[in-house]
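Novice: This is the structure, below, for whatever I ask next.
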Amino acid sequence: MLRVLAVDDEEPALGELLYLLRSDPRVRSAEGATDATEALRRIGRALEAGPDGADAIDVVFLDIHMAGLTGLDVARLLAGFARPPLIVFVTAHEGFAVQAFDLEAVDYVLKPVRGERLAEAVRRVHEQVHASTAPGAPSDQIPVELGGVTRFVPIGEIAYVEAQGDYARLHTADASHLVRIPLSTLEERWAARGFVRIHRSHLVALDRIDELRMDGGATTVRVGTAELAVSRRHARQLRELLTRHVRG
């Protein structure tokens, strides 16, 4: 069961969040802090006591806009800890989802908090903790904005990514989503997940490539219904990667 710290400088909001968390059967204990300094002090004490101590904290449910240090500041500081707790942001502001992704938050819950949405966040944390996923490990999802609502798209559903200036468009089997992250950043982050650069404009999931075509000096790949050009500088590496992937 999870040991939780909730942080919000508005006491009514903190009280409601704690009530919902304590009602979840997967939560062993849920304590509150009304400012970032208090939260960091509690987390530091818990880490000094060891990961299995009575005061250990598995996850911090963290507001973003607070007096003094913001929730984003707290998350950046926690990232420097040897064994940081997982982070779930709980905020009334939709515009920080990209920063949350950069800080490898497990989830991003919008206020007013609905019980079923919070339960989904607890489920994600519970799965990471009990799968022995190290705190701070890369998230399996990426936040996208859709009609003013933040959704989390599983990275495993993304077939390829298309560069659009400082943005990137993520293509799944049945939709596409624009995110404010450069293609080069996603290339670096997702290399271990099997995404490869095939062109200055495209990043492709290796296991989503259905066909590789070579016609004269031109190379293309088919990903679902999309046919994408492979630049000459990437063609040889792609062929080698595909050969190893098939053999593996």
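Read the figures in this text as sums done on the coordinates, not as results from a lab. Just so we're clear, the structure is a prediction, and the values are computed from it rather than from any experiment. Note that we place each Cβ from the backbone using ideal geometry, even for glycine, and neighbour counts take in every protein chain shown.
Novice: Find out how many positive minus negative residues lie around Ile181, taking Lys and Arg as positive, Asp and Glu as negative, among other residues whose Cβ is under 10 Å from that of Ile181.
Specialist: Value of the local net charge: 0.
Novice: Before anything else, pin down the relative contact order of the chain: Cα pairs under 8 Å, at least 6 apart, normalised by residue count, whole percent.
Specialist: Details: 415 pairs, mean separation 26.1, N = 248.
11 percent.
Novice: Taking the highest mean first, how do the peptides 164-171, 109-116 order by number of other beta carbon atoms within 10 angstrom per residue? Numbers along the way, then the final one.
Specialist: Working: 164-171: 15.5, 109-116: 13.4.
Going by the mean number of other Cβ atoms within 10 Å, highest first, we get 164-171, 109-116.
Novice: Over the Cα atoms of the chain, Rg to Rh with Kirkwood Rh, two decimal places?
Specialist: 1.05
Novice: Continuing with this model, one more query. Taking 1 over the mean of 1/r across every pair of different Cα atoms in the stretch 142-204, what Kirkwood radius in Å do you get?
Specialist: On the way: mean 1/r = 0.0856 Å⁻¹.
Over the stretch 142-204, the inverse of the mean reciprocal pair distance is 11.7 Å.
Novice: Taking only C-alpha pairs under 8 Å that are 6+ residues apart, what is the relative contact order of the stretch 73-215 in percent?
Specialist: It rounds to 15 percent for the stretch 73-215.
Novice: So, one more: Find, among the GluC sites (Glu not before Pro) in the stretch 1-92, those assigned to loop by DSSP (not H, G, I, E, B) with at most 16 other beta-carbon atoms within 10 angstrom.
Specialist: Sparse-neighbourhood loop GluC sites (Glu not before Pro): Glu10.
Novice: Placing +1 at every Lys and Arg Cβ and -1 at every Asp and Glu Cβ, with all other atoms neutral, what dipole size does the chain have around its Cα centre, in debye to the nearest 20? All intermediate terms of the calculation are to be shown ahead of the outcome.
Specialist: Values: 30 positive and 36 negative charges, 236 e Å.
Dipole about the Cα centre, nearest 20: 1140 debye.
Novice: Still on this structure, I have one more. At 222 nm, what helix-only mean residue ellipticity would the chain give, in deg cm²/dmol to the nearest 500, using -39500 (n - 2.57) for each DSSP H run of four or more?
Specialist: -10000 deg cm²/dmol
Novice: Additional query: Given a Förster radius of 30 Å and the C-beta distance between Ala192 and Glu38 as r, what FRET efficiency does 1/(1 + (r/R0)^6) yield to the nearest 0.05?
Specialist: 0.25
Novice: Let me ask you something else. Could you give the length gained by full extension between Ala56 and Ala226, i.e. 0.36 nm per residue of separation minus their alpha carbon distance, to one decimal place?
Specialist: Details: separation 170, 0.36 × 170 = 61.20 nm, distance 4.86 nm.
So the extension gain works out to 56.3 nm.
Novice: Quick one: compute a quarter of the convex hull surface over the Cα atoms of the stretch 1-127 and quote it in nm². Write out the running numbers ahead of the final one.
Specialist: Working: hull surface 27.3 nm².
Here the figure is 6.8 nm², rounded to one decimal.
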